[in-house]
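Shown next, in structure tokens, is the structure this report addresses.
The values are calculated or read from the model by the stated rules, or taken from the named source; none is laboratory data. Everything quoted here is computed from the prediction, not taken from an experiment. Note that we place each Cβ from the backbone using ideal geometry, even for glycine, and neighbour counts take in every protein chain shown.
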Amino acid sequence: MESGTAGAGGGMKGVVYRGPGRVAVEELPLPVLQGPRDAIVRVTRAAVCGTDLHPYRGELPDFAPGTVLGHEFAGVVHSAGPEARFRPGDRVFASDVVACGRCAQCARGLHYQCAEVSLFGYADVVGKPVDGGQAEFVRVPFADVVLGATPADVSDEQGLFVGDVLTTAYAAVRNAGVQAGDRAAVVGAGPVGLLAALCARLAGAVETVVADTDGSRRARAETLGFRAVDPAEPSAALAVGPGGAQRVVEAVGTDAALRFALETAGAGATIAVAGSHHSTAMPFPTGLAFAREWTLRFTVGDPITLRDEVLGLVRDGSIDPCQVVSDRVPLVAAPEAYEAFDQRRAFKTVLEIG
Ligand SMILES: NC(=O)c1ccc[n+]([C@@H]2O[C@H](COP(=O)([O-])OP(=O)(O)OC[C@H]3O[C@@H](n4cnc5c(N)ncnc54)[C@H](O)[C@@H]3O)[C@@H](O)[C@H]2O)c1
Ligand SMILES: [Zn+2]
Ligand SMILES: [Zn+2]
């Protein structure tokens, strides 16, 4: 095993959750290799995600203060255990989902169902806590599975999108079954929603309507050439045509948004939910679902399974995820970046670290 510490003594800076509405950039100990499959990555780019807003907005009351945040990151391998597959100096991006790659669920390609699943920087919400990558260095468990190699013609910023948001959007569109000629609807015009709309267009949807409660988000959707509607408008659910949408992606993660997604769904529709849901129950229109013969699918993006496919789309120019980046700021500006994202003054913020 290579040296156990990430750097020559000292510490590093990282973004730490301190309670709802409060994140701080703090001095932290350098991470150390803990097993033969671990790698320590020197992070060059990390991003703030809608998933980070759930604890920030107090929606996860048990989320542990002190958690080092961040599950979207790319960088360079600093040190690696003998079974980590990567060597120091390799450019890599991480899957947001940590999985062992060896259990029965991983063998089925269901990495989020892995017995050892975690999400970087998300306390104990998903499996055991693993420190996140909004930091100068991060320990990556099961690095041979969790890390993808960043090709020379792919930037670190593009790589971090393949590690989560773009791949999630792609998976949702695939699970919604979007095909040439379909009428699609995307509920939520955040980064996941807009990338899903772009993936739906790529898959051949003739029309993709995007719904968002926020006017600035709708305006951004329009700049990408999508028709944008406010779900509060009485006619919004019909905006995709009298028959409703054939393919619907929900990219918000609230009961209200899922209800609206169902309202837009036409006969035989498939609804793929990519928003992270945390409620335990919601009323469901079973009669309508039966009458319209709907298929409802929940989608946790799986970058481990899909990264090569999605990297291919980035490399051949089919889709550039960087077009949704609104702000690029240094790590020390993370508290302001969270606030701006929460208040919808920023769309997608990348932390430029090294
Ligand atoms: N499934 C996965 O693997 C995965 C991966 C990444 C993100 N996510 C989830 O996807 C969701 C979106 O992420 P994001 O980064 O785009 O976040 P975001 O917060 O930027 O986007 C959410 C958008 O939904 C809009 N919105 C809120 N309520 C709405 C409603 N009732 N109807 C329509 N629009 C509404 C907001 O105005 C915002 O523009 C989050 O829940 C996030 O946790 C899931
Ligand atoms: Zn994310
Ligand atoms: Zn596993």
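Going by what's in this entry, would residue 281 be described as closer than 28 Å to residue 110 by Cβ, buried (at least 22 other Cβ atoms within 10 Å of the Cβ), more than 16 Å from ligand 3 (Cβ to nearest atom) and of a type outside the set (Val, Ile, Thr)?
Details: closer than 28 Å to residue 110 by Cβ: yes; buried (at least 22 other Cβ atoms within 10 Å of the Cβ): no; more than 16 Å from ligand 3 (Cβ to nearest atom): yes; of a type outside the set (Val, Ile, Thr): yes.
Here the answer is no, as residue 281 does not meet what is asked.
State all residues of the stretch 302-325 that are more than 16 Å from the chain's Cα centre (by Cα) and either surrounded by fewer than 16 Cβ atoms within 10 Å (Cβ to Cβ) or among the aromatic types (Phe, Trp, Tyr) (or both); if no residue qualifies, say none.
Scanning the stretch 302-325 gives 308, 309, 312, 315, 316, 317, 318.
Please identify the pairs in which a residue from the stretch 116-144 that is farther than 11 Å from residue 71 by Cβ and part of a strand (DSSP E or B) has its Cβ atom under 6 Å from the Cβ atom of a residue that is more than 16 Å from ligand 1 (Cβ to nearest atom) and modelled with pLDDT under 95, counting only partners at least 6 apart or on another chain.
Cβ pairs passing all conditions: 137/6.
Working carefully through the options 104, 135, find the one that is over 29 Å from residue 198 (Cα atoms) and surrounded by fewer than 24 Cβ atoms within 10 Å (Cβ to Cβ). Even if it seems obvious, please write down each step before you answer.
Values: 135 fails: surrounded by fewer than 24 Cβ atoms within 10 Å (Cβ to Cβ).
Result: 104 is the single residue among 104, 135 that is over 29 Å from residue 198 (Cα atoms) and surrounded by fewer than 24 Cβ atoms within 10 Å (Cβ to Cβ).
Are any of the residues in the stretch 293-301 within 30 Å of residue 145 (Cβ to Cβ) and assigned to a helix (DSSP H, G or I)?
So far as the stretch 293-301 goes, no, none of its residues is within 30 Å of residue 145 (Cβ to Cβ) and assigned to a helix (DSSP H, G or I).
I'd like to check something: does the stretch 163-171 contain any residue that is under 24 Å from residue 45 (Cβ atoms) and either surrounded by fewer than 22 Cβ atoms within 10 Å (Cβ to Cβ) or in contact with a Phe, Trp or Tyr (Cβ under 6 Å, 6 or more places away or on another chain) (or both)?
To start, the set of residues in the stretch 163-171 that are under 24 Å from residue 45 (Cβ atoms) comprises 163-171.
Then keep just the ones that are either surrounded by fewer than 22 Cβ atoms within 10 Å (Cβ to Cβ) or in contact with a Phe, Trp or Tyr (Cβ under 6 Å, 6 or more places away or on another chain) (or both); that gives 163.
Checked against the condition, which is being under 24 Å from residue 45 (Cβ atoms) and either surrounded by fewer than 22 Cβ atoms within 10 Å (Cβ to Cβ) or in contact with a Phe, Trp or Tyr (Cβ under 6 Å, 6 or more places away or on another chain) (or both), the stretch 163-171 yields at least one hit.
When you check residue 76 against the structure, is it in a loop (DSSP other than H, G, I, E, B) and away from ligand 3 (no atom under 16 Å from the Cβ), yes or no?
Against the criterion (in a loop (DSSP other than H, G, I, E, B) and away from ligand 3 (no atom under 16 Å from the Cβ)), residue 76 does not qualify.
Conditions: (1) surrounded by fewer than 21 Cβ atoms within 10 Å (Cβ to Cβ); (2) assigned to a loop (DSSP other than H, G, I, E, B). Residue 275 meets all but one. Number of the miss?
Answer for residue 275: the failing condition is (1).
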